[in-house]
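Peer 1: Shown below is the structure under consideration.
The values are calculated or read from the model by the stated rules, or taken from the named source; none is laboratory data. Note that the coordinates shown come from a computational prediction; the quantities given were computed from them, not determined experimentally. To get the accessible areas, we keep the full protein, side chains included, count just its heavy atoms, and leave off ligands, DNA and RNA. Shrake-Rupley method; radii C 1.70, N 1.55, O 1.52, S 1.80 Å.
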Amino acid sequence: MAIGLTDGGPVTVLWGWCIVSLISLAIAASLAEICSVFPTSGGVYYWSHLLSKPRYAPIASWITGWLGLVGNWTVTLSINFSFALLILSAISLWNEDFVATA
């Protein structure tokens, strides 16, 4: 966000949010369409198996499953990291002499 504010200004940030929101809605709509056609509890790896060619179905579902797992790990790690930074910032608000060390 700092790059957007310094290089393009608030207009860049505003239109960036709008464009990314529309792209996210398009992805959600396409996944909803796939979900309504192929209802399953397996998730996206099962859909990738169904929608790919039979030759590539096993590797497509394997890659999709692993990318989903790594994505979940990444989201969890980023939430933990952000919460740790929030706590360190809150401590430094009340104690100006506080220096975070490992």
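Peer 1: Carbon-plus-sulfur fraction of the accessible area of the chain, 1.4 Å probe, in percent?
Peer 2: 74 percent
Peer 1: If you don't mind, there's one more thing I want to ask. Which helices, counted as full DSSP H runs in the chain, have an axial Cα extent of no less than 15 Å and a Kyte-Doolittle average of 0.0 or above?
Peer 2: Those that pass (Cα extent of 15 Å or more, hydropathy at least 0.0) are 10-37, 57-94.
Peer 1: Another question, if that's okay. In cubic angstrom, how much convex hull volume per residue do the alpha carbon atoms of the range 40-102 span?
Peer 2: Cα-based convex hull of the range 40-102, divided per residue, equals 98 Å³.
Peer 1: From the helices alone, meaning DSSP H stretches of at least four residues, give me the mean residue ellipticity at 222 nm for the chain, per-run term -39500 (n - 2.57), in deg cm²/dmol to the nearest 500.
Peer 2: It lands at -25500 deg cm²/dmol.
Peer 1: OK, next. At a threshold of 8 angstrom on Cα-Cα distance, excluding pairs fewer than six apart, so keeping six or more, what relative contact order does the range 24-100 reach in percent?
Peer 2: 16 percent
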